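Below is one structure, written out as structure tokens, with a few remarks after it.
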Amino acid sequence: MASLGETNGKAAVATPTTGKLDAKKDYPLSSKRPDLVRSATGLSLEDITLEKAVSGKLTFDDVKIRPETLEYQAQIAESVGRPHLARNLRRAAEMTRIPDARVLEIYNALRPYRSTRQELLDIASELEGKYQAKICAAHVREACKVYEKRNRIKK
């Protein structure tokens, strides 16, 4: 991540007209833009302390990332020419809307020979319809195609 502010040895170009974040002026968010970083429950970085964690005053949701923070990180990745990282961060942002237990179920369903074609397509439809997770849904559909091609689909 230390090299995030550089692209092929050149500094990232700021994009003030687009209103998007830029690695050179905004990265790392925790020090350069702490105003943008909030937990799932709305806590700021200053509100999350080791003392509160040890004393049990923080819950899991108090330290869980928000989709907006992942979007900001995606914008920074794009500003340094890393579109694949940006796409992965946006997929992660979508996943924050899916209950953790369901994410694990989907993960297991995506393992080779675990799901039929229809089961994978149903998961993709669920992701898109119920959770508005279009990138994740496309990922599952792509996995389905690859598994069919490589004969890794459950019979």
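The values are calculated or read from the model by the stated rules, or taken from the named source; none is laboratory data. Values in this document were obtained by computation on a predicted structure and should not be read as measured data. The accessibility values were calculated without ligands, DNA or RNA, using every heavy atom of the protein model including side chains. Shrake-Rupley method; radii C 1.70, N 1.55, O 1.52, S 1.80 Å.
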GNM on the chain, C-alpha springs below 10 Å: top fluctuator among Asp26, Asp62, Asp100? Asp100
Across the chain, how many lysine pairs, 8 or more apart or on two chains, come within less than 18 Å at their alpha-carbon atoms? 8
The Cα radius of gyration of the stretch 40-155, divided by 2.2 N^0.38 Å with N its residue count, comes to 1.29
Just the accessible area for His84, please: 1.4 Å probe, Å², rounded to the nearest 10? 150 Å²
Helix 134-149 versus the longest principal axis of the chain: what is the Cα-based angle in degrees, 0 to 90, to the nearest 10? 40 degrees
How far, in degrees from 0 to 90, does helix 100-109 lean away from the longest principal axis of the Cα atoms of the chain, to the nearest 10? 40 degrees
Taking a ≥ b ≥ c as the square roots of the eigenvalues of the Cα gyration tensor, with a/c under 1.5 meaning rounded and otherwise prolate when a/b exceeds b/c and oblate if not, the stretch 63-111 is oblate
Could you report the accessible area of Tyr113 in Å², rounded to 10, computed with a 1.4 Å probe on the protein chains as they sit in the structure? 130 Å²
If I fit a long axis through the Cα atoms of helix 67-79 and take the longest principal axis of the Cα atoms of the chain, what angle between them do I get, 0 to 90°, rounded to 10? 80 degrees
Each residue of the stretch 23-38 in turn: what ³J(HN,Hα) in whole Hz from Karplus with 6.51, -1.76, 1.60 and θ = phi - 60°, glycine and Pro shown as x? 4, 4, 9, 10, 9, x, 4, 4, 9, 8, 9, x, 4, 8, 9, 9
By accessible area of protein heavy atoms, probe 1.4 Å, what ranking do Ile65, Ile48 get, highest first? Ile65, Ile48
Given that compact globular proteins tend to follow 2.2 N^0.38 Å, what is the ratio of the alpha-carbon Rg of the stretch 27-101 to that value? 1.20
Accessible area of the stretch 88-155 belonging to carbon and sulfur atoms, whole % at 1.4 Å probe: 52 percent
Net lengthening on full extension, Asn151/Lys25 (0.36 nm per residue, minus Cα-Cα): 40.6 nm
When the helix-only estimate is applied to the chain (DSSP H runs of n ≥ 4, each -39,500 (n - 2.57), divided by the residue count), what is the mean residue ellipticity at 222 nm, nearest 500 deg cm²/dmol? -15500 deg cm²/dmol
Residue-normalised accessible area of the chain, expressed per residue, 1.4 Å probe, Å²: 64 Å²
